[in-house]
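S.K.: I have a structure I would like to understand better, so I am pasting it below and will then ask my questions one at a time.
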Amino acid sequence: MNNEKINSAETEGFEDDESVEKMLDSVKQDETESKASILNARNIYRTSWLGKIQETKDKIEGSLPRSDKIVIHVHGWRNSRERGTTNAEDVRKAYSQTDYCVSGLIWSSDDTWWNAKEVADRTGRKLAEFLVEQYEENPEASIRLQGHSLGCRVISETVHSLHSMGEASVVDEVVLLGGAVDCRKVQIEGRYGKAFEESVDSVWSFFFKKDIVLRWIGFYERSHMIGRRKSRGELASNFTEIEFDAEHHRGYYRINKMQEILSIIDKAN
């Protein structure tokens, strides 16, 4: 409960039960508003018993908070609904001292690696459509897309789709944490390079050289992931790579670590 309101009730007192009920309703509302809002994309795709990805719904469920500054966090591979929601709440806590309202996108990532990659691409395109609709309702909002691991692929595909749609004003900033994205794809001549350069103001890619998870993913993909090393090719001028001691692959979710990342971005801006 909101301690300030409870303490106020104890010191000021209430004349009747109705006043007490109003106070409790207000406290419940505060508790609800303090949680990260959830955008649900888990019901859009499912995998058949033959391993084929099928679309069952056409839109992301939910809406963005009415705010001037919004961050949408996208979790990575093999996250359940519960874990994805918990991740979003951890992000909200890290952002609690900022002006951003936090939304968490949960998607069907708990599949095989190969299927999850395809679902990530498709979900990214759905997120682009969703953001265009939301932009029409609140065009003044500054939107930051933030992803972890395979969630960075979702975001990259979102920006690529927005670029293809000619929607260059929807997203302002992208933050990639331990991205499970091929280094070649973010280069200026890669799939996402031009989209990053022309559709957002800035892109921040944080990588941890000792990330064992991304090392193995890179081995299977026969490539290098942006979350483990710098890209050695030409990047967009607004694409910044930062080596960061995340300690392990999921270390970015530690509140102090994420707050450190936010501080780095704020100082650079």
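The values are calculated or read from the model by the stated rules, or taken from the named source; none is laboratory data. Being a predicted model, the structure only gives us computed values, none of them experimental. Here the Cβ positions follow ideal geometry from the backbone for every residue, glycine too, while neighbour counts run over all protein chains shown.
S.K.: Would a scan of segment 229-246 turn up a residue that is over 22 Å from Gly190 (Cβ atoms) and of a type in the set (A, V, I, L, M)?
M.R.: yes
S.K.: Among the residues of segment 156-176, write down those that are at pLDDT 95 or above, out of contact with any Cys (no Cβ under 8 Å at 6 or more places or on another chain) and hydrophobic (A, V, I, L, M, F, W, C). Walk me through how you get there before you give the answer.
M.R.: Going through segment 156-176, the residues at pLDDT 95 or above turn out to be 156-167, 170-176.
Checking which are out of contact with any Cys (no Cβ under 8 Å at 6 or more places or on another chain) leaves us with 156-167, 170-175.
Correct list: Val159, Leu162, Met165, Val170, Val171, Val174, Val175.
S.K.: For the list (1) under 20 Å from Ile155 (Cβ atoms); (2) of a type in the set (Asp, Glu); (3) surrounded by 13 or more Cβ atoms within 10 Å (Cβ to Cβ), I need the number of the one condition that Glu260 fails.
M.R.: With (1) under 20 Å from Ile155 (Cβ atoms); (2) of a type in the set (Asp, Glu); (3) surrounded by 13 or more Cβ atoms within 10 Å (Cβ to Cβ) applied to Glu260, the lone miss is (1).
S.K.: When only residues in segment 60-87 that are among the polar types (S, T, N, Q) and over 14 Å from the mean Cα position of the chain (by Cα) count, which is farthest from Phe130 (Cα to Cα)? Give the derivation first.
M.R.: The initial filter retains those residues of segment 60-87 that are among the polar types (S, T, N, Q), namely 63, 67, 79-80, 85-87.
After this cut, where a residue has to be over 14 Å from the mean Cα position of the chain (by Cα) as well, the list is 63, 67, 80.
Numbers: Ser63: 9, Ser67: 17, Ser80: 22 Å.
Result: Ser80.
S.K.: Yes or no: Arg191 of a type in the set (D, E, K, R) and out of contact with any Lys or Arg (no Cβ under 7 Å at 6 or more places or on another chain)?
M.R.: Values: of a type in the set (D, E, K, R): yes; out of contact with any Lys or Arg (no Cβ under 7 Å at 6 or more places or on another chain): no.
It is false that Arg191 is of a type in the set (D, E, K, R) and out of contact with any Lys or Arg (no Cβ under 7 Å at 6 or more places or on another chain).
S.K.: Among the residues of segment 139-157, are any free of Cβ contacts under 8 Å to residues at least 24 places away in the same chain, hydroxyl-bearing (Ser, Thr, Tyr), assigned by TED's automatic domain parsing to the domain that holds Ile255 and part of a helix (DSSP H, G or I)?
M.R.: No, every residue in segment 139-157 fails to be free of Cβ contacts under 8 Å to residues at least 24 places away in the same chain, hydroxyl-bearing (Ser, Thr, Tyr), assigned by TED's automatic domain parsing to the domain that holds Ile255 and part of a helix (DSSP H, G or I).
S.K.: Keeping to segment 242-265, report how many residues are over 18 Å from the mean Cα position of the chain (by Cα) and among the charged types (D, E, K, R).
M.R.: Total meeting the criteria: 3.
S.K.: Still on this structure, I have one more. Restricting attention to segment 200-211, does a residue exist that is of a type in the set (Ser, Thr, Tyr), surrounded by fewer than 16 Cβ atoms within 10 Å (Cβ to Cβ) and either in a helix (DSSP H, G or I) or assigned by TED's automatic domain parsing to the domain that holds Arg153 (or both)? Reasoning before the result, please.
M.R.: Initially, segment 200-211 is screened for residues of a type in the set (Ser, Thr, Tyr), giving 202, 205.
Add one more test, that the residue is surrounded by fewer than 16 Cβ atoms within 10 Å (Cβ to Cβ), and what stays is none.
There is no residue in segment 200-211 that is of a type in the set (Ser, Thr, Tyr), surrounded by fewer than 16 Cβ atoms within 10 Å (Cβ to Cβ) and either in a helix (DSSP H, G or I) or assigned by TED's automatic domain parsing to the domain that holds Arg153 (or both).
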